[in-house]
Amino acid sequence: MLVSSTEQNVASKNARRSYLFPFILVTSLFFLWGFAYGLLDVLNKHFQVALNITKARSTLLQAAYFGAYFLMALPAGTIMKKYGYRSGVIIGLLLYAVGAFLFYPSANLKSFEFFLFALFVIACGLTCLETAANPYITVLGPPETSEFRLNFSQSFNGVGSFIGPILGGKLFFAANGANGGDDLSNVKSVYLIIGGVVLIIAFLFYRSQLPEIHEQSSTITANKRVRLFSISHFKWAVIAQFFYVAAQVGVGALFINYVTEYWKGISNEKAAYLLSTSLLLFTAGRFAGTALMKSISARSLLAIYAIINTILCAIIVLFPGEAAVFALMAVFFFMSIMFPTIFALGVKNLGDYTKRASSFIIMSIVGGALMPPVMGLISNKSAALSYSVPLACFLFVFYFAWKKSEPDK
């Protein structure tokens, strides 16, 4: 039976309309984990003062946070495959809320180890959210615009990342002067509020009906003998995401330390505001990159941004000072599109392998747990030299975009 072009257009419009509310609701999740990440780098510096720990030890926050992604990604993917995207989101939100509430006893005990556990629980929840939300956005519409949709939704992740350091800098450091002190009362208050808000959003998801999309087999995955890790563009995307997240987390984790060491007279609070400005650039880069993808291919834009960041990191390492701080801030703008673009390129054309592939790409976020401690050790000798680690990571992202990101035929 032939279907007229008019009927096809009507069906397409109805599909877009039915996807609009789920798209908006799921996009709100990107803000939530962006906000959690935005607070993380401020906590890193605040705990150095409030709990009297070294820079190297404070990077265990990043290790706990991103280590959870490694341990939880495959279980999250299994849950999602069995029970669907919506269930994965609700479980993730509940874990996020529990972890936020655990900050209260952690602050009362002034225990860095307890804080690490609370942050680990939050990150387990975020793993479920990312494992569900990222692929859900990519399949919530035409495959040819998946990179565009994911970059747009990830832009709101940038908004959350921007607001986090502003709030953290104001409340955590300003409580006891510009450089902060040992008062953790504001940390308790902020995370109690976060936990309450997240529970409300979990209730909204519980009450809402989201369309459960079942991906169709693609030309790659129609042959069931094809193994997931034999698919080249997916395999290299996992590796590229490992190095990208390592770079992103490392750049942010020691940002305040770099600024206060090489910009004479600047306080921790003001450095936190510069971090927030950098994350505003990150957000602007997401929106700008989404617009540019209408005329430049995602692969090409990723390669251009990666090589620019390699050059900026070379400036940060070789010419530390006030000017290098601005180069460091610019790195955030050019990092902006990398995570969603690598993710979308990695799951492209994977059909019914999409959910499982998503788990492995989210699992590769463990790069953010492994590299910052290395940077922390190097920074004990030279904060500038530690940025040679993200420099090498961006070179690998460039290689992936240039040579390995084209989907298998």
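The values are calculated or read from the model by the stated rules, or taken from the named source; none is laboratory data. Since we're looking at a predicted model, the values are computed, not measured. Glycine also receives a Cβ, built like all others from the backbone with ideal geometry; neighbour counts cover every protein chain displayed. Areas reflect the complete protein model, heavy atoms only, side chains present, ligands, DNA and RNA absent. Shrake-Rupley method; radii C 1.70, N 1.55, O 1.52, S 1.80 Å.
Helix 367-379 and the longest principal axis of the C-alpha atoms of the chain enclose an angle of approximately 20°. Given K55/K348; K355/K403; K110/K170; K235/K294, which pairs have Cα atoms separated by over 30 Å? Among K55/K348; K355/K403; K110/K170; K235/K294, the Cα-Cα distance tops 30 Å for K55/K348.
Computed from backbone phi with θ = phi - 60° and the Karplus coefficients 6.51, -1.76 and 1.60, the 3J(HN,Hα) list for the stretch 390-398 is x, 4, 5, 5, 5, 4, 5, 4, 4 Hz; x is used for glycine and proline. So what's the angle, to the nearest 10 degrees on a 0 to 90 scale, between helix 112-139 and the longest Cα principal axis of the chain? Its long axis makes an angle of about 30 degrees. Between the alpha-carbon centres of the stretch 377-409 and the stretch 225-302 there is a gap of 11 Å. The calculated 222 nm mean residue ellipticity attributable to helices in the chain amounts to -25500 deg cm²/dmol, summing -39500 (n - 2.57) over DSSP H runs of n ≥ 4 and dividing by all residues.
Remark: the S300-L192 segment gains 34.6 nm on full extension, using 0.36 nm per residue and subtracting the alpha carbon distance.
Let me check something: with ligands and nucleic acids excluded, how do L61, L204 order by accessible area (1.4 Å probe), largest to smallest? List each step's numbers first, then the result.
On the way: L61 0, L204 90 Å².
Descending accessible area places them as L204, L61.
For the chain, the Cβ-based charge dipole about the Cα centre amounts to some 700 debye (Lys, Arg positive; Asp, Glu negative; other atoms uncharged). Quick one: check the C-alpha center-to-center distance for the stretch 29-43 versus the stretch 307-374, whole angstrom. When both Cα centres are located, 16 Å separates them.
Based on the reciprocal of the average 1/r between different C-alpha atoms, the Kirkwood radius for the chain equals 21.4 Å. Per-residue Karplus couplings for the stretch 252-268, computed as 6.51 cos²θ - 1.76 cosθ + 1.60 with θ equal to phi - 60°, are listed in order as x, 4, 10, 4, 5, 4, 4, 5, 6, 7, 10, 10, 4, x, 8, 8, 4 Hz, Gly and Pro entered as x. Rounded to the nearest Hz, the phi-derived 3J(HN,Hα) couplings of the stretch 88-98 under the Karplus curve 6.51 cos²θ - 1.76 cosθ + 1.60 (θ = phi - 60°) are x, 5, 5, 4, x, 5, 5, 5, 4, 5, 4, where x marks glycine and proline. Note on S295: accessible area is roughly 100 Å² with a 1.4 Å probe, heavy atoms of protein only.
Gaussian network model of the chain, Cα springs within a sub-10 Å range: biggest mean-square fluctuation belongs to which of G169, G125, G321? Largest GNM mean-square fluctuation: G321.
Compared with the dominant Cα axis of the chain, that is its longest principal axis, helix 60-83 is turned about 20°.
Please identify every one of the trypsin sites (Lys or Arg not before Pro) in the stretch 222-308 that sits in a loop by DSSP and has no more than 16 other beta carbons within 10 Å of its own beta carbon.
Numbers: sites: K224, R225, R227, K235, K264, K270, R286, K294, R299; in loops: K224, R225, R227, K264, K294.
Qualifying residues, ordered by number: K224, R225, R227, K264, K294.
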